[in-house]
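Heads up: the structure comes next, in structure tokens.
The values are calculated or read from the model by the stated rules, or taken from the named source; none is laboratory data. Keep in mind the model is a prediction, meaning the values are calculated, not measured. All Cβ positions, glycine included, derive from the backbone under ideal geometry; neighbour counts span all protein chains shown. With ligands, DNA and RNA removed, areas are computed over all heavy atoms of the protein, side chains included. Shrake-Rupley method; radii C 1.70, N 1.55, O 1.52, S 1.80 Å.
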Amino acid sequence: MRKTGYSVITGTGSYLPSRVVKNEEFTTAAFYDATGTLLTKPGAEIVERFAQITDIQERRYVTDDQVTSDIAYLAAQDALTSCGADPEQLDYILVAHNFGDVSATNKRSEFVPSLAARVKHKLGIENPNTIAYDLPFGCPGWLQALIQADYYLRSGDARRVLVIGAEVLSRVCDPHDRDSMLYADGAGAVLLEARESEEPIGILCHSTRSDTVQAAHLLRMGASYNPAYEGQELFLKMEGRKLYEYALKTVPQAIKDCLDKAGLPLADMHKLLLHQANGKMDDAILKRLYSLYGQAEIPEHVMPMTISWLGNSSVATLPTLFDLLVKQKLNGNTIAPNTTIVFASVGAGMNCNAVVYRMPE
């Protein structure tokens, strides 16, 4: 049988910031709505309602001496160490993020040099043929970088691509906006390599969509909701209800389209790794996906979650989730050889993507 080239993940890594921020820390916050009106409900009641809606109990923040490129490097180092890879043999380093490096003392985004260039520098890679660049694509950025890497590997242009997702959202969220409780910091990385196989392995297919006419500004940057806020920073803002409706409409169909493209039934999906945006929203997406197939019963443990203790770290949620799964750090959740995983994400743009991946032996 003739062998075909596939893109296979050979190493995984992540970095979970050391600072744990529990919901209780927000009970004394002064929250305002989008009209600039102070919310008068008790802080404990606001926080409890937030936890019911999102499933989030705590999240991770970086320490004051860290920026996004620092934790991207730590996740990259972890991924390379996990498989004993030589950094000098990397063909590409792709870093997905959305805000560059934002320091604790200066809340302006730094994009020059690129975060990928900074990671390459920290790794000490001298090879000029290791091409390093960034990919801003909202929360689906890491998955889109994985898709780009697949094109490089399948074309024969590359043999090894390091794909990183890193974000420090704690420095771009409005302390007077309830949505700030969603956001977290973190980084994850995978090493993707070209492999030949007689049987389909690795990335089997992928799909992406961008909806910008009506949905471009559902996630955007804006001023603090507090009218008396004296800073000039712009903070991450979202149209929560509309974003929920968009995700529920597009993500289940995108997953089904990707499975159909791979010629696989839903029963062949052993795990769904969904962007950790909002626990209740992810549950609704899963339920809608199974309803597209006329199925009401959902297998137990098909969708492992980390949002309750890691929050929403944007591009970092998927690679972090995958790394924890591979290393058996998710309460007995495991992924066996030859099982099929679906990655899916949705976020600013609005963008939505999905990848069908088969674990190698």
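Determine the relative contact order of the stretch 64-192: mean sequence separation of Cα pairs under 8 Å and six or more apart, normalised by residue count, in whole percent. Working shown, then result.
On the way: 231 pairs, mean separation 44.3, N = 129.
Contact order relative to length: 34 percent.
Around the Cα centre of the stretch 234-361, unit charges on the Cβ atoms of Lys, Arg, Asp and Glu (plus for the first two, minus for the last two) sum to a dipole of about 300 debye. Against the main long axis of the alpha-carbon atoms of the chain, helix 141-155 sits at an angle near 20°.
Could you do me a favour and compute the accessible area per residue for the stretch 230-312, 1.4 Å probe, result in Å²? Walk me through the numbers on the way to the answer.
On the way: 3990 Å² over 83 residues.
Roughly 48 Å² per residue, with all protein chains present.
Computed with a 1.4 Å probe on the full set of protein chains, the accessible area for residue 153 sits at about 10 Å². Of all aspartates and glutamates in the structure, the ones whose alpha carbon falls short of 14 Å from that of residue 249, not counting any fewer than 8 places away in one chain, are 211, 257, 282, 283.
Say the cut-off is 23 Å between C-alpha atoms; which of 237/271; 242/287; 107/280 go over it?
On the way: 237/271 31 Å; 242/287 19 Å; 107/280 31 Å.
Those over the limit are 237/271; 107/280.
Per residue, the accessible area of the stretch 79-127 comes to 49 Å², computed with a 1.4 Å probe over protein heavy atoms only. Element breakdown for the stretch 114-244 at a 1.4 angstrom probe: carbon and sulfur atoms account for 48% of the accessible area.
Rounded to the nearest 20, the Cβ-based charge dipole of the stretch 1-100 about its Cα centre (Lys and Arg +1, Asp and Glu -1) stands at 400 debye.
What accessible area, in Å² to the nearest ten, does a 1.4 Å probe give for residue 40? Rounded to the nearest 10, the figure is 130 Å².
If you place +1 on the Cβ of every Lys and Arg and -1 on the Cβ of every Asp and Glu, how big does the dipole about the Cα centre of the chain come out, in debye to the nearest 20?
On the way: 34 positive and 43 negative charges, 103 e Å.
Here the chain has a charge dipole of around 500 debye.
Estimated from the Cβ-Cβ distance and a Förster radius of 25 angstrom, the FRET efficiency linking residue 216 and residue 280 is about 0.50. Dipole of the chain computed with +1 at Lys/Arg Cβ and -1 at Asp/Glu Cβ about the Cα centre; of 212, 87, 119, farthest Cα towards the positive end is 212.
Extension gain, residue 22 to residue 298, is 96.3 nm, computed as 0.36 nm per intervening residue step minus the present C-alpha separation.
Note on residue 97: accessible area is roughly 0 Å² with a 1.4 Å probe, heavy atoms of protein only.
Shape call for the stretch 68-217 from the C-alpha gyration tensor, a ≥ b ≥ c root eigenvalues: rounded (a/c under 1.5), prolate (a/b greater than b/c) or oblate?
Values: a/c = 2.15, a/b = 1.39, b/c = 1.55.
Oblate.
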